[in-house]
Structure formats: C-alpha cells, structure tokens
1. Which percent, to the nearest 5, of DSSP beta bridges fully inside the stretch 35-142 are antiparallel?
2. Let me know the Rg and Dmax you get for the stretch 35-142 when you use only its Cα atoms, in Å.
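Please treat every number below as a calculation from the coordinates, not as lab data. Predicted model, so just to flag it, every value in this text is computed and none were measured.
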Amino acid sequence: MSHRIASIGIFLTCAITATQSSPAAEPSPSSEEGKVNALWNESLSTAGDFGFWLYPIRGRCPHLRAGPLPLVFGVTGLKARYTVAEMHYCYQLAPPNQYIGSKCFDGYVELSQAAEKKRYKGKYRFLMSDGNLREGTFDAEFCR
C-alpha cells in the first residue's frame, strides 16, 4: 500500500513540476490571435494602386485564398476614406463560371494603418447591385 501511495505522490510531483516549468503555450490552431479576415497588396502594373479582399472567415495568407469567395475592392493611394465612386472596382467575387458577382452600387470604406507593419484595419458599408447590404470591419494583412 505504501508503495502505491509513493508512486501516486511521485506522479503528482512530476505533473505539477512539468506544468509549472513548461514554457508559454503556443496559440492553438483554432485560436483567433493573429488571424485576419482580409488581405491586401499593391498592384504589380500600376504604382500606387492597392487591392483588398474581404473574407467572411478568419485565417492567414495563403489559407484565406482557399476559402470562400471574397468581396474585393481596389483604390489608388491609401487615404482614410473612399466612396464606391472613387474605387477602381468593388464587387463580390463570383465562382469561376461567372466573371463578376454583385457589384458595389453605393457606399464607402474607411482605412487606417494598423500598429503591425503591413496591416490595415477598416470598416465598410456597401449597397450591392443585387440589393444586399454588406457591412462590417476588417483587419487586412499583406499577401502577394
């Protein structure tokens, strides 16, 4: 009996020691920390043009690109606010057998540079050509 109690005591001591001395836990894959719901990059053909892709899920580049189709828009320069009329394009990306889904008919996007390098935060409100209202916030990381 004392051998069994000693074994349990050693097991508990090892478990407590391992728990106390383990380094900070890495975020689990399901953690939302560090994940974004948008991607951005500069145009390769025109200096000063930027494209943004807003997703209905959170993740990281390139994982987001394999997910649901995004709402996309393009702007010149990076100012604090754009109306749909000032954008190069704004539409819901469609499946491969369609060229463009619903276009942005009216609305705006507001942008600000995030504390993290190459990240932008923003909010948007778009009335789409199909009558739906798309609005929300985004956190975009650079992704080529």
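1. On the way: 38 of 41 bridges.
Roughly 95 percent of the beta bridges in the stretch 35-142 run antiparallel, per DSSP.
2. 13.0, 39
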